[in-house]
Amino acid sequence: MSARSRLGLLAAAAVALASVVVPTASAAPSASAAPSVSTHAVPPMPRTAVLDGHRLQLTRIRLDHGDRRLGRSLRDLTARADTWLDQGPWTVVDKPKPAPGGDVHDYLSQAPYWWPSQPATADNPWGCPYVQRDGQRNPEVDTGTDRQDVEKVFDSTYDLALAWYYTGRRQYAEKASEVLRTWFLDPATRMNPNLDHGQFIPCKYDGRAIGIIDFSQSYTSVLDAIALLDTGAPGWSRRDRAAMLDWNTGFRDWLADGAFGKEEGAAQNNHGTFYDMQLAALAYATGDTGLARRTVLAARTLRIAPQIAADGSQPQELARTRSWHYSTFDLVAYTRLAAIGRHVGVDLWSYRGPDGQSLFKAVDYLLPAATGAEPWPHPELEFHRFAASDVVHAAADAGDRAARAAVPRLETPPGGDLWALRPAAEQLDSIAG
């Protein structure tokens with residue numbers, strides 16, 4: 001039976017089962033049992049940007065009806081969500097110094113691979129000038145800026161919203177709502193909807209276009225978390241929903257119309273791919289489906305044809321000292337962009353460039369190293385085989401037979417394989433830049 005036929009049968013099952021109410025399990029879950037699901041009908045299908053809302057709904061139905069195959073994944077997800085319950089909320093206004101413009105509500109991050117070249121002194125407190133060391137992360141970028149906090153906002157809201165959707169436990173939804181309101185909405189603590197001071201370099205630049213990747217690599221997770229909460233989560237009000245839509249619309253316009261956005265969109269490596277993915281997702285989430293569709297369509301000749309070689313390699317990413325990381329990282333953006341395309345009628349997986357370039361070939365190029373069959377033949381400062389796991393899953397789901405055969409041989413990422421519950425690729429080996 002084809003994947004399309006199986007999906008059709010599952011859809012029919014969803015219609016038949018959507019009105020079923022599942023009994024509540026009052027006891028706390030044991031170490032060997034899946035977390036219990038509270039009593040209520042299956043929530044409406046979320047209008048997610050990257051995740052497939054229909055697939056999420058079907059997965060929720062399977063959980064409600066005791067599908068034991070999903071139990072381990074649900075335990076891993078709720079374990080992650082539980083760790084966020086006593087953390088945060090975080091705010092952009094609590095950094096030691098404001099961004100160079102002086103507004104504490106402006107986001108600030110520091111370029112990760114730039115280092116001081118001189119000892120710090122009273123006359124030169126930063127140790128300027130800064131010099132670049134590609135792939136070597138300067139630890140000072142994680143103190144004094146908003147970078148680490150915003151990543152916690154992205155990760156926590158995604159984990160918590162998914163955990164609420166699958167279990168119905170209100171504490172997950174309420175915590176996610178608190179995190180979102182504090183970072184984006186409350187007047188005293190909100191972030192301005194711009195990245196004017198992303199990846200600044202002391203004594204050199206107050207902000208740079210490539211700072212957009214601080215958000216583009218993960219912000220679609222927030223968009224999907226909002227879509228999940230919008231299905232009726234406790235603690236997330238209509239006012240919150242409207243205010244978040246306004247924030248995202250402002251951010252979309254800054255990204256599409258501003259000088260930094262245009263510069264980032266012109267990048268010919270993973271920065272350009274992630275820019276397209278973020279813009280398309282924001283456009284779809286804010287109701288501009290025309291912009292979303294145009295962005296995905298343009299990526300065929302603007303991204304895939306020039307950035308992926310005939311053999312599936314990604315030359316711009318192979319040139320990096322972290323070639324494995326950046327090859328998998330770029331495919332995170334591509335596979336998410338393909339997922340957005342599904343919502344606006346564009347099949348990005350089926351595109352073939354003039355030399356046969358395609359997303360399938362790009363994923364297949366990684367399979368020998370992803371499965372451990374062969375070593376990765378390019379420079380890599382810190383190889384993590386599991387970094388490719390999600391993009392291989394994505395290709396397998398899209399119909400790649402080689403990827404499907406490789407799935408059982410993938411390395412499980414830290415924290416477990418959550419693909420069954422959140423089938424959208426994540427950056428699994430955490431570095432940034």
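Compute the semi-axes of the equivalent ellipsoid of region 71-138, taking the square root of 5 times each eigenvalue of the Cα gyration tensor, and list them largest first in whole Å. List each step's numbers first, then the result.
Values: eigenvalues 258, 76, 20 Å².
Rounded to whole Å, the semi-axes are 36, 19, 10.
Viscosity 1.002 mPa s, temperature 20 °C: Stokes-Einstein D of region 42-110 from its Kirkwood Cα radius, in µm² per second? Could the numbers behind the result be given before it?
Working: Rh = 15.8 Å.
Estimated diffusion coefficient is 136 µm²/s.
222 nm [θ] for the chain, helices only, -39500 (n - 2.57) per DSSP H run of 4+, per residue, to 500?
Numbers: 16 runs with 194 residues, N = 433.
The helix-only estimate for the chain comes to -14000 deg cm²/dmol at 222 nm.
How much of the pair distance distribution for region 109-150 lies past 11 Å, counting alpha-carbon pairs only, in percent? Show your work: numbers first, answer last.
On the way: 559 of 861 pairs.
Counting every Cα pair in region 109-150, those more than 11 Å apart make up 65 percent.
Restricting the calculation to Cα positions, tell me the Rg (one decimal) and the Dmax (whole number) of region 192-252 in Å.
When restricted to the Cα atoms of region 192-252, Rg and Dmax are 14.8, 48 Å.
How much of the accessible area of region 248-407, probe 1.4 Å, is carbon plus sulfur, in whole percent? Can you show the working numbers first?
Numbers: 2970 of 5730 Å².
Exposed carbon and sulfur together represent 52 percent of the surface.
Could you state the accessible area per residue of the chain in Å², with a 1.4 Å probe and every protein chain left in place?
Details: 17800 Å² over 433 residues.
Result: 41 Å² of accessible area for each residue.
First compute the accessible area of region 40-182 with a 1.4 Å probe, then give the percent of it belonging to carbon and sulfur atoms. Each step should come with its number before you reach the end.
Values: 2950 of 6050 Å².
That fraction is 49 percent.
What order do you get for 146-155, 325-334 when each peptide is scored by the mean count of other beta carbon atoms within 10 Å, highest first?
Working: 146-155: 19.9, 325-334: 27.0.
Ranking the peptides 146-155, 325-334 by packing returns 325-334, 146-155.
Two decimals is fine: what's Rg over Rh for region 268-374, C-alpha atoms, Kirkwood radius as Rh?
Numbers: Rg = 13.6 Å, Rh = 13.8 Å.
My calculation puts Rg/Rh at 0.98.
Report Rg/Rh for the chain, rounded to two decimals, where Rg is the Cα radius of gyration and Rh the Kirkwood radius. Don't skip to the end; give the middle numbers.
On the way: Rg = 21.5 Å, Rh = 22.4 Å.
Taking Rg over the Kirkwood Rh, I get 0.96.
About its Cα centre, how strong a charge dipole does the chain have in debye, to the nearest 20, once Lys and Arg get +1 and Asp and Glu get -1 at the Cβ? Show your work: numbers first, answer last.
Numbers: 44 positive and 50 negative charges, 293 e Å.
So the dipole magnitude of the chain works out to roughly 1400 debye.
Which lysines, on any chain, are close to Lys262 with Cα under 27 Å apart, when same-chain ones fewer than 8 places away are left out?
Within the straight-line cut-off, Lys262 pairs with Lys204.
Using θ = phi - 60° and the Karplus form 6.51 cos²θ - 1.76 cosθ + 1.60, what ³J(HN,Hα) does each residue of region 195-205 get, whole Hz, x for Gly and Pro?
Running phi through 6.51 cos²θ - 1.76 cosθ + 1.60 with θ = phi - 60° gives 10, 5, 10, x, 6, 5, 10, x, 6, 9, 9 Hz.
Dividing the convex hull volume of the Cα atoms of region 322-433 by its residue count, what figure in Å³ per residue is obtained?
In region 322-433, the Cα hull volume divided by residue count equals 115 Å³.
Please check which bits of region 181-222 a label hung off Asp257 would reach, taking the label as a point 7 Å along Cα-to-C-beta and the cut-off as backbone N under 18 Å.
Answer for this model: 192-196.
The values are calculated or read from the model by the stated rules, or taken from the named source; none is laboratory data. Fair warning: this is a prediction, and the values are worked out from it, not measured in the lab. Because the Cβ atoms are built from the backbone with ideal geometry, glycine has one as well, and the counts that use them run over all protein chains shown. These accessible areas exclude ligands, DNA and RNA; they are computed on the full protein's heavy atoms, side chains included. Shrake-Rupley method; radii C 1.70, N 1.55, O 1.52, S 1.80 Å.
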